[in-house]
1. Need the full-extension length gain, residue 398 to residue 107, defined as separation in residues times 0.36 nm minus the C-alpha distance. One decimal, nm.
2. How far apart, in nm, are the 7 Å Cα→Cβ label points at residue 411 and residue 364?
3. How far apart, in nm, are the 7 Å Cα→Cβ label points at residue 66 and residue 390?
4. Averaging sequence separations of C-alpha pairs under 8 Å and six or more residues apart, then dividing by the length of segment 359-440, give the relative contact order as a whole percent.
5. Using a Förster distance of 60 angstrom, determine the FRET efficiency expected from the C-beta separation of residue 262 and residue 419, and round it to 0.05.
6. Using 0.36 nm times the number of residues separating residue 240 and residue 114, minus their current alpha carbon distance, what extension gain do you get?
7. How high is the relative contact order of segment 24-342? Use alpha-carbon pairs under 8 Å, at least six apart in sequence, and give a whole percent.
8. Order the peptides 57-68, 217-228 from the highest to the lowest mean number of other Cβ atoms within 10 Å of their residues.
């Protein structure tokens, strides 16, 4: 019996260690044969995510281990961007200027927006909750197929997309010149946009949802990738056209674009995405067309993370918490990490830490005997359900079941009456669902 107990403990230790040191794992390869573009990935928790590959949408409910091709909402059109709120509600925008949405996980879709008098190409869509979101496209005032697009238009919804209102269809005179890479909204009101087609080209900021825009003090005319953690902290990748080797620069602001710091980076590929680690913006991931990079000092220095033999062709990154993230690459390749790419990181308290987010944190201590603390943050007041399951999915305990205020919460879990093994705890609140593993060792 003692031998059997020892074997069980060793088994769970191996399972637990493989979970911690998993780094980046390729979860899929080639949803279709040949060379295919995947512009966007989004996730709502540690298990549920969707990706767009060419004109098809795939979803996974087990962090990318298995995939389901869901209804081709774009009717053969290219998917440029997508946004996922929970495992039932997500939105896509297409290369012909359409917005589609589903409220049942992709079984049925509705076309929410299509107005060729305003745009024939949508670059960006982001939903902040089930009702509020923004989208952006290039205005449709071209004279011929060779003409440049017209001024950028910005769309806003406050009713889940039942109506998309053009907030400002002549903000600058310029246009995007890209997909979603040169635009980023941190909430329904505050966003940043780098225009093309005007001389000089500028980086703009809005504080009223796109109705009006003001030029920032960005020191360059370029700016090929824009990403902000909140209204103050942001990174912009800029090509140094004065350098004969065409080096890239990482530009950082801590005050919403008023002042900037610039650092040379060794990136040689085209910049595609930046992702701040939720809750700890000093930890940042950056992917270009060739490689994946990581910074532990908010973008000042970067180290290449080799996760694939050959050119990576990475497109889009998303993290749902401080450890779980996905990377979408061309040819339908998806990489997944459950431990921030093998680089262990804690949740630091600094002035850039977001106070308005849902976040389930890793229990501490872990492994534990016999008790541990589970911490989580709530974006706003709401009904909270915090449940513990065993490895088979059987409910062990319901630690919280009621309405709680916004902010940080801590709950103690006592496993005195349980046997050694892996357990799963799950938080549900306001459409947010997240699960994590914990190990009881006696």
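Just so you know, all these numbers are worked out from the coordinates, no wet-lab data involved. This is a predicted model, so every value here is computed, not measured. Cβ sites come from the backbone with ideal geometry, for glycine too, and all protein chains shown count toward neighbours.
1. 101.6 nm
2. 1.9
3. 2.3
4. 35
5. 0.60
6. Full extension of this stretch gives 41.6 nm more.
7. Reported as a whole number, the value is 14 percent.
8. Answer by packing, highest mean first, reads 217-228, 57-68.
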